[in-house]
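Single-structure report; data block below.
The values are calculated or read from the model by the stated rules, or taken from the named source; none is laboratory data. Since this is a predicted model, take the numbers as computed values, not measurements. Positions of Cβ are backbone-derived with ideal geometry, glycine not excepted, and every protein chain shown enters the neighbour counts.
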Amino acid sequence: MVAPRQITAAAVIAAAVALGARAGYAHAFLDHASPAVGSTVPSPPAAVTMWFTQQLEPAFTTAVVTDTAGDNVGAGAAKIDPRDPAELQVPLKPLSPGTYTVTWHALSVDTHRTQGHFTFDVGQR
Amino acid sequence: MHRISCRGLAAVAAVALLPGAEALAHGFAGDRFFPATILTDDPFVADEMSLPTITLNPTQSDGSRELDIGSDLSALITPNWDFTIGSDWAHIRTPALPTVTGGTGLTTGTQYQLFINAEHEAMALADLDVTWRNTGNLSAGAPDFTTLSPTFDFGKGFGDLPDSLPWLKPLALTGNIALDFPVQTKTNGMQNPNDVFYGFAVEYSIPYLQDEVKDVGLGPPFNRMIPLVEFALTSPFNRGYGGTTSGTVQPGVIWAGQYFQVGAEMIIPTNSLSGHGIGGVVQLHFYLDDLFPHSIGRPISQW
């Protein structure tokens with residue numbers, strides 16, 4: 001018999017840790033985006049929308065979309081959807097064919113910070 | 001207009017009013033998330049706990065086989081300084097001999113985060129571990145002498161590679177090098193050599209691939225997986241033990257969730273001194289900063 005008491009004790013403590021936690025706290029990771037990360041879209045999107053794995057705090061969550069010259073092509077500030085606090089959207093000016101970079105900084109509701117960036121292309125690559 | 005919750009107001013107030021009050025993230029350097037690796041020491045301080053780590057080691061030359069059940073805890077004292085404690089329980093079966101069970105000794109440590117460079121996804125850490133004498137069963141491998149082990153740990157993500165190499169950007173390397181200094185050079189007629197220990201982990205992050213490079217459409221559970229290979233070697237270099245390097249190569253995968261991660265690796269000995277056949281290890285690892293951000297998941301002091 002292989003150490004049943006030790007394995008049981010470890011399992012009980014691990015379960016207690018997991019069950020003792022309050023749900024809803026964690027880092028906000030990017031789940032997916034539209035346009036998708038690294039994708040090419042045939043026509044210019046009206047906005048970049050990102051969905052995160054956790055609810056975001058508006059005051060410290062930002063996203064900027066820039067072209068290859070580094071110019072901001074956003075048509076306004078990034079906004080969190082009030083109906084879905086895990087969704088962040090940046091409205092865009094009319095885009096020309098080219099490569100665009102999305103840079104985001106997120107603060108989840110428990111003050112964990114995360115950040116990231118990705119590109120997408122408009123028009124044929 | 002956004003409606004901010006009470007919880008949100010507290011978060012905003014904390015970040016706005018208290019320098020450094022934001023929750024410490026485990027294993028982040030810029031866009032890069034480094035998982036807690038099983039064999040290689042992590043290059044970051046954190047509030048975290050591994051429980052359990054179950055290791056079935058390769059068979060040794062005398063035919064013995066050891067199963068270890070371990071746990072370790074790391075707690076932040078300040079945002080850049082933590083304290084660690086860990087121990088294993090061993091179950092050793094040797095042909096024609098009684099089974100041996102017991103603790104393999106208590107290890108404590110203190111770690112300081114030297115730097116985190118977000119732009120280059122790089123970090124480094126200095127660590128002093130102490131393995132304490134007579135804190136386990138000597139027959140199960142617990143030492144009868146205390147050992148001090150100063151260690152240097154580093155991590156580097158490759159997200160700063162040129163855009164012409166997009167598929168290599170999810171790669172990351174972590175590693176450490178340690179020197180073991182036994183407090184007593186000889187106990188019970190046996191020499192206790194100095195060892196040099198070095199380990200590396202090469203990781204390929206699927207989350208990084210899909211969040212930073214290209215969304216290839218992998219869904220759960222694959223979108224949170226980080227395949228990796230770990231290497232570790234121990235080389236005694238004096239007191240008659242020179243040339244007896246042993247080590248393992250451990251390919252596997254870590255699944256990193258929001259609150260915990262699960263890792264599994266094969267254990268392949270590098271030479272006959274390290275055993276023969278294949279072993280394996282599985283680990284459940286908790287992110288205490290995410291599970292308990294307002295209590296044990298925060299530094300004791302913000303100093």
>> Among the residues of the stretch A:93-115, what is the count of those that are in a strand (DSSP E or B) and on the phi < 0 side of the Ramachandran plot?
In response: 14
> If you go through the stretch B:134-148, how many residues are in contact with a helix residue (DSSP H, G or I) (Cβ under 9 Å, 6 or more places away or on another chain) and hydroxyl-bearing (Ser, Thr, Tyr)?
Replying inline: 0
>> surrounded by fewer than 18 Cβ atoms within 10 Å (Cβ to Cβ), within 14 Å of chain A (Cβ to nearest Cβ) and on the phi > 0 side of the Ramachandran plot: is that true of B:Gly217 in this structure?
In response: yes
> Could you give every pair whose Cβ atoms fall below 8 Å, whose first residue belongs to the stretch B:83-101 and is under 19 Å from B:Val45 (Cα atoms), and whose second residue is outside any strand (DSSP E or B), counting only separations of at least 6 or pairs across chains?
Replying inline: B:Ser87/B:Thr135; B:Ser87/B:Gly136
> Do the conditions hold for B:Arg239, that is, is it surrounded by fewer than 22 Cβ atoms within 10 Å (Cβ to Cβ) and away from every other protein chain (no Cβ under 14 Å)?
Replying inline: yes
> Is it fair to say B:Ser295 is without any contact (Cβ under 8 Å) to a residue 24 or more places away in the chain and surrounded by fewer than 15 Cβ atoms within 10 Å (Cβ to Cβ)?
Replying inline: yes
> Looking only at residues in the stretch A:13-53 that are at pLDDT 70 or above and exposed (fewer than 13 other Cβ atoms within 10 Å of the Cβ), which one is farthest from B:Gln210 (Cα to Cα)?
Replying inline: A:Ser43
> Which members of the stretch B:83-132 meet the condition of being assigned to a loop (DSSP other than H, G, I, E, B) and crowded, with 19+ Cβ neighbours inside 10 Å?
Replying inline: B:Glu121
> Taking the stretch A:65-90, which residues are under 24 Å from A:Val109 (Cβ atoms) and buried (at least 17 other Cβ atoms within 10 Å of the Cβ)?
Replying inline: A:Ala78, A:Ile80, A:Pro85, A:Ala86, A:Glu87, A:Leu88, A:Gln89, A:Val90
